[in-house]
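Let me begin by presenting the structure, written as structure tokens, before commenting on it.
The values are calculated or read from the model by the stated rules, or taken from the named source; none is laboratory data. What you see is a predicted model; the values in this text were computed from it and never measured. So basically every Cβ, Gly included, is an ideal-geometry build from the backbone, and we count neighbours across all protein chains shown. When the accessible area is computed, the model is the full protein with side chains, heavy atoms only, and any ligands, DNA or RNA have been set aside. Shrake-Rupley method; radii C 1.70, N 1.55, O 1.52, S 1.80 Å.
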Amino acid sequence: MTTDCRGFEIAPWHLRWCGLDLEALHRTESIFALANGHLGLRGTFEEGEPVGKPGTYLNGFYEKRQLPYAEAGYGYPEEGQTVVNVTDGKIIRLLVEDEPMDMRYGEAVEHERVLDFRSGTLRRNTVWTSPTGRCVRIRSERLVSFTERALAAIRYEVEPLDDDLELVIQSDLLANEPVPTSHNDPRLAVALDRPLVADFCAARDFAAVLVHHTRRSGLHMAVAMDHELEVDATPRCSVHAEEDLARLTVAVDVAKGRRVRLTKYLGYGWSSRRSVPALRAQVDAALAAGLETGWDTLLARQREYLDNFWSTADIEIDGDPELQQAVRFALFHVLQAGARGESRAIPSKGLTGPGYDGHSFWDTETFVLPVLTYTMPMAAGDALRWRHATLDRARRRAHELGHTGAMFPWRSINGDEGSGYWPTGTAAVHVNADIADAVVRYLAATGDEHFERGCGVELLVETARSWVSQGHYDTAGNFRIDGVTGPDEYSALADNNIYTNLMAQRNLDEAAEACVRQPDIAEQLEVDAEEIRGWRDRAKCMYLPYNEKLGVHEQSEGFTEHARWDFAATPPEKYPLMLHYPYFDLYRKQVVKQADLSLAMYLCPNAFTPEQKARNFDYYEALTVRDSSLSAAGQSVMAAEVGHLSLAFDYFAEAALTDLHDLHHNVANGLHMASLAGAWLCCVFGFGGMRDHGGELSFAPRLPANIERLAFRIIWRGSGLAVEITGDSATYRLLSGDSFVLRHHGRFTTLGNVAVTLPIPRQSDRPEPLLPAGRAPYRRG
Ligand code: BGC
């Protein structure tokens, strides 16, 4: 078995971890998390302990918390939101002749877990010898259903290996379970100390239900469990429920070599409005449907759902088995984060851990949604519907900040601003344009007019309106947007951040176009011709700072005149810089936390000439330290475009392995959805050279030496497209749907029923750019 440096078996369609490593528990729980966008279960053991961080999450379910400020200021959000670890239904404890099964004691003779990207399940196989020498095999398999959104199920089997044994199985619903804290904010500790207040509990036969609400946010949640038991002998069973615990107990004598098998079904739901009886009824019904469906059919449906997904979304990489696995792992988790969110946000950690308080950021629109738009467009539309559903809050926030239109939050669960750090909470305004960009991409890729009329136009109009008050014309007639925080958070309150200005420009133009396409909706939104003219003019006059002397664009006005950060004098242990140097110092130096201008060049490719792209890229590479996991993917895409293919490959590997190799040392808190999605961006937008502007799909593929063949699939306007790239040619094949026109290295081709193979023009190598000392991309081995 070949394993990676962290002990995962390298295999194309699954991730296997053998052996018990208590130190690795936090990490593997995030990596083995199962979710469907609505419900998420961290990969903790059934027996509950040992545990790194227990975690069961319902998307959108949060508790309010007070936000800490040393000094008050106008417009600071007073209350934040934090994700709650809801009632844990994963727990199935086992007693073997009175000894609790706990792998910290006795011996785990065999122990492995497998996350299977095709079955959509997490399997476990453990042989455990108790401290007094009793030996059992435990097998389990669990799923969070993609097809029945409220449902999870666990099949759990125990087999005595040496002797007949008395086994006791306790299957629990446990609310307010203790969660070890990894933060030092006492206010957060208060919010999360026993956050659930009991409303109702009941138990009967093999089933039980618990209903709770959160103390401050007043949201209600319910969970119900039911079971099927298969065993030769006659079991003694009892069930009971109290406020924070419901338990089914099964005591049974099992002969050596025979098995007891318990299948546990869980139904979860939450609501801000529904009553306790209504919510209880909802989870009971979900459970009844689950039982009716049964384990085998649930498994089969899960498999079928994933077969469909992979048939339209798979990526194949020949030449690097570890990256092949990493990319499928990444796609699997992106799917898990967004598949059934259904008008809820996609948090930056998905539903894999409590990191970033469970908030969503621009990560969703700029990194995750491009992937979903081309692989599972419905899920992308749903995530944008969530933004639309929060428009009133965004309008209120704009009003509070003195702006027109809507201002979407930098980070949030419910649509209210949750950032207590004002240089982002009030100044990272690019999030508005990022949302607009995702709307434009989604509309171009799907032609979903229903969405456009119901949500898209309004999102574009209200975000466009915000730029009118956020910017102004200077005496030379330029439209400027001053005092913003761009993607690079090591510059704040900068004037004319080029990323923000270019994305705002697109936002203004696209709002105008959408209003022309849908005049009746525009009228409902009280948009008139003069307003449209105003947007177009601002877009036309948008100021894009450029340093003539250096021949490069300025990330923001004056940036290239700042002192350079002294990279040579910065030792490796001082990264990430924000934890070791004052922001004040970072803000006034040339040092870039994460791709900013490079991201602008990839998202707005027509705003730069090829020569400018190459020069800009090299200039900013020397300053970019990648203190954010969002950086590597954008750098990879642009490195590939400007001809640094081997650097592009290294950044790709870094993005793809960020979580599997725990490169930022925080996977314990959840996976990084943006960098997982980024792995896809590197393949499709980077090596595939795909661009999607102006309603047109173009490709400029080029492979680095380390990849022999790259194949990917996307959905474009309902048609399935397969692209296969080798060293010297690319083949485009229509898998389904109508023919369409695409561009390959500048040449137009109509893709019909016959696959088209086109040569890849040669590109001369360019010398690699200088990188900040000690900040070369992660290189394996
Ligand atoms: C990055 C942001 C990102 C956030 C959440 C920060 O470190 O700088 O761009 O949105 O993490 O992932």
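Numbers for the structure displayed
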| read-out | value |
| --- | --- |
| Gained length - Met378 relative to Thr132, 0.36 nm times residue gap less alpha-carbon distance | 83.1 nm |
| Separation of the Tyr581 and Asp537 label points, Cα + 7 Å toward Cβ, nm | 4.3 nm |
| Square roots of five times the Cα gyration tensor eigenvalues for the stretch 200-283, Å | 32, 11, 9 |
| Lysine pairs with alpha-carbon atoms under 24 Å apart, the chain, spacing 8 or more or separate chains | 16 |
| Along principal axes, Cα extents of the stretch 9-134, largest first, whole Å | 65, 38, 24 |
| Trypsin sites (Lys or Arg not before Pro) restricted to the stretch 18-124 and DSSP loop, no more than 10 other C-beta within 10 Å | Arg104 |
| Euclidean distance between Cα centres, the stretch 418-442 to the stretch 698-728, Å | 31 Å |
| Geometric extent, Cα atoms of the chain - Rg, Dmax (angstrom) | 26.7, 89 |
| Cα extents of the stretch 460-597 along the three principal axes, largest first (Å) | 60, 31, 20 |
| Karplus-derived 3J(HN,Hα), 6.51/-1.76/1.60, for each residue of the stretch 528-539, Hz, glycine and proline x | 10, 4, 5, 4, 4, 4, x, 5, 4, 5, 4, 4 |
| Accessible surface, the stretch 66-151, averaged per residue in Å² (probe 1.4 Å) | 38 Å² |
| Per residue accessible area in Å² of the stretch 370-466, where ligands, DNA and RNA are left out and the probe is 1.4 Å | 27 Å² |
| Estimated translational D of the stretch 231-389 in µm²/s (Stokes, Kirkwood radius over Cα pairs; 25 °C; 0.890 mPa s) | 126 µm²/s |
| The chain: angle of helix 610-621 to the longest principal axis, Cα-based, in degrees nearest 10 | 60 degrees |
| Karplus 3J(HN,Hα) series, Hz, for the stretch 436-448 with 6.51 cos²θ - 1.76 cosθ + 1.60 (x for Gly, Pro) | 4, 4, 5, 5, 4, 4, 4, 5, 5, 7, 10, x, 6 |
| J(HN,Hα) series, the stretch 335-347, from Karplus relation 6.51 cos²θ - 1.76 cosθ + 1.60, nearest Hz, glycine and proline x | 4, 4, 6, x, 3, 10, x, 6, 6, 10, 6, 10, x |
| Tail weight of P(r) past 18 Å, computed on alpha-carbon pairs of the stretch 333-397, percent | 31 percent |
| Net charge dipole size for the stretch 565-710 [Lys, Arg +1 and Asp, Glu -1 on Cβ; Debye, nearest 20] | 180 debye |
| Gained length - Ala285 relative to Glu242, 0.36 nm times residue gap less alpha-carbon distance | 13.3 nm |
| Three principal axis lengths of the stretch 259-324 [C-alpha, angstrom, descending] | 56, 40, 20 |
| Efficiency of FRET from Cβ geometry, Asn478 and Ser272, R₀ 41 Å, rounded to 0.05 | 0.35 |
| Of the GluC sites (Glu not before Pro) in the stretch 1-101, those whose Cβ has at most 12 other Cβ within 10 Å and which sit in DSSP loop | Glu71, Glu78 |
| Inter-probe distance in nm under a simple model that places probes 7 Å from Cα toward Cβ, at Val741 and His399 | 4.7 nm |
| Length added when fully stretched, Arg709-Asp98, from 0.36 nm per residue minus Cα-Cα | 214.4 nm |
| Debye-sum result for the stretch 714-763 in log10 I(q)/I(0), which assumes one identical scatterer on each alpha carbon, at q = 0.17, 0.30 Å⁻¹ | -0.48, -1.23 |
| Interchain or long-range residues, amide H under 5 Å from Gln66's placed H | Gly80 |
| Sequence-distant residues sharing a close amide H with Glu47 (under 5 Å, placed H) | Ile92 |
| Residue (of Tyr546, Tyr581, Phe559) at the positive-pole extreme of the stretch 536-591, dipole from beta-carbon charges | Tyr546 |
| Probe 1.4 Å, accessible area per residue of the stretch 239-304, Å² | 46 Å² |
| Carbon and sulfur %, accessible surface of the chain computed with the full protein complex present, 1.4 Å | 48 percent |
| For the stretch 502-557, projected area of the alpha-carbon convex hull averaged over all directions, nm² | 4.4 nm² |
| Residues in the stretch 263-285 that a label on Thr297 would reach, taking backbone N under 18 Å of a point 7 Å out along Cα→Cβ | 263-267, 284-285 |
| The stretch 100-143-the stretch 346-399 distance, computed between alpha-carbon centres (Å) | 36 Å |
| Cα-based shape type of the stretch 561-707, given that a ≥ b ≥ c are square roots of the gyration tensor eigenvalues and the cut on a/c is 1.5 | oblate |
